[in-house]
1. Using beta carbons and a limit of 8 Å, which pairs, at least six apart or on different chains, have the first residue in the stretch 212-231 and closer than 16 Å to G179 by Cα and of a type in the set (S, T, Y) and the second one at pLDDT 90 or above and assigned to a helix (DSSP H, G or I)?
2. Of all residues in the stretch 59-82, which are in contact (Cβ under 8 Å) with a residue 12 or more places away in the chain and either more than 12 Å from A133 (Cα to Cα) or basic (K, R) (or both)?
3. Could you grab me the full set of residues in the stretch 16-28 that are surrounded by fewer than 10 Cβ atoms within 10 Å (Cβ to Cβ) and part of a helix (DSSP H, G or I)?
4. Please work out if F111 is modelled with pLDDT of 90 or more, under 23 Å from M91 (Cα atoms), crowded, with 16+ Cβ neighbours inside 10 Å and not charged (D, E, K, R).
5. Being basic (K, R), closer than 18 Å to F128 by Cα and modelled with pLDDT of 90 or more is true for just one of R51, R96. Which residue is that?
6. Collect the residues in the stretch 208-251 that are more than 22 Å from the chain's Cα centre (by Cα), surrounded by 12 or more Cβ atoms within 10 Å (Cβ to Cβ) and modelled with pLDDT of 75 or more, keeping them in residue-number order.
7. Restricting to helices (runs of 4 or more DSSP H) lying wholly in the stretch 118-207: which have 1 or more residues that are closer than 30 Å to R51 by Cα, out of contact with any Phe, Trp or Tyr (no Cβ under 8 Å at 6 or more places or on another chain) and modelled with pLDDT of 85 or more?
8. Here is a list: A38, A87, A67. Which entry is under 28 Å from R212 (Cα atoms) and among the aliphatic types (A, V, I, L, M)?
Amino acid sequence: MRRLRRLLPFGVVALPVGLWWWTAASSPIFPTPPAVVAGIVELARNGALVRDIVHSLSRVALGYGLALALAVPLGSLMGWYTGIYGAFNPMIQLLRPISPIAWIPLAILWFGVGDASPTFLIFLSSFFPIVVATTSGVHLVERQYVRAAQNFEVGGLRLFRSVVFPAALPQIITGMRVGLGVAWLVVVAAEMVAINSGLGYLIIDARNAGSRYDLVVAGMVIIGVIGFLLDLLMRRLESLDVVRWRYNNAR
């Protein structure tokens with residue numbers, strides 16, 4: 001059973017790949033998996049692959065980092081202080097349902113065609129999941145933990161740093177995972193219309209340069225693989241001792 005569980009994900013991936021290969025074999029336009037692999041090799045050889053991956057990741061790192069630096073402190077304050085929650089929550093709930101893609105025209109108007117536009121969109125898209133998760137995590141901290149710490153005369157910033165924040169950290173990390181996933185989606189969309197580099201631009205450029213659908217699908221595959229690796233990296237945070245105690249063993 002253990003071996004079967006290890007092999008099952010490969011089988012789940014192999015099934016759609018096999019179906020893709022079978023349907024694309026009779027298509028004069030849509031590429032087969034070997035053609036896509038050859039496209040990835042071509043991009044790697046001419047340097048475009050590494051260049052575009054670095055550009056996309058650097059924009060995500062900057063926008064996501066700014067969102068993290070603002071969302072976690074603000075969400076902590078909103079979860080801990082009712083007055084701050086009442087002041088900021090209406091605006092956050094008003095802006096949160098707006099798709100980050102809808103902000104693209106305004107981002108280009110405000111920041112022009114350059115790195116600032118996708119960075120702003122990444123910041124916007126990842127900020128809201130993180131701030132909502134942080135607010136909820138801090139607000140739902142079990143009060144017995146707080147009272148127990150207060151019985152030992154632990155209060156103020158020390159109480160928040162030693163008790164409240166570690167207790168809310170699992171939910172904060174969930175928000176961070178969601179925010180990073182959305183950020184990776186948005187950077188690709190933004191690069192298709194607001195920039196001339198990155199994986200999103202690679203896909204559009206391949207489509208416009210003679211309908212190179214092998215490179216289009218190659219870009220899609222690379223985006224999926226990097227997104228998977230980014231989520232895997234975020235999952236590693238759940239194994240930290242300060243986080244692991246809050247997770248149910250049944251997970």
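1. Once the first residue is closer than 16 Å to G179 by Cα and of a type in the set (S, T, Y) and sits in the stretch 212-231, no partner that is at pLDDT 90 or above and assigned to a helix (DSSP H, G or I) comes close enough.
2. The answer is R59, V60, L62, G63, Y64, L66, A67, L70, W80.
3. Once the filter is applied, which keeps residues that are surrounded by fewer than 10 Cβ atoms within 10 Å (Cβ to Cβ) and part of a helix (DSSP H, G or I), the stretch 16-28 yields only P16.
4. No, not satisfied.
5. Among R51, R96, only R96 is basic (K, R), closer than 18 Å to F128 by Cα and modelled with pLDDT of 90 or more.
6. R212, Y213, D214, L215
7. Once the helices (runs of 4 or more DSSP H) in the stretch 118-207 are filtered for at least 1 residues that are closer than 30 Å to R51 by Cα, out of contact with any Phe, Trp or Tyr (no Cβ under 8 Å at 6 or more places or on another chain) and modelled with pLDDT of 85 or more, what remains is 165-193.
8. Sole residue among the options that is under 28 Å from R212 (Cα atoms) and among the aliphatic types (A, V, I, L, M): A38.
The values are calculated or read from the model by the stated rules, or taken from the named source; none is laboratory data. Note that the coordinates shown come from a computational prediction; the quantities given were computed from them, not determined experimentally. Virtual Cβ from ideal backbone geometry, glycine too; neighbours counted across all protein chains shown.
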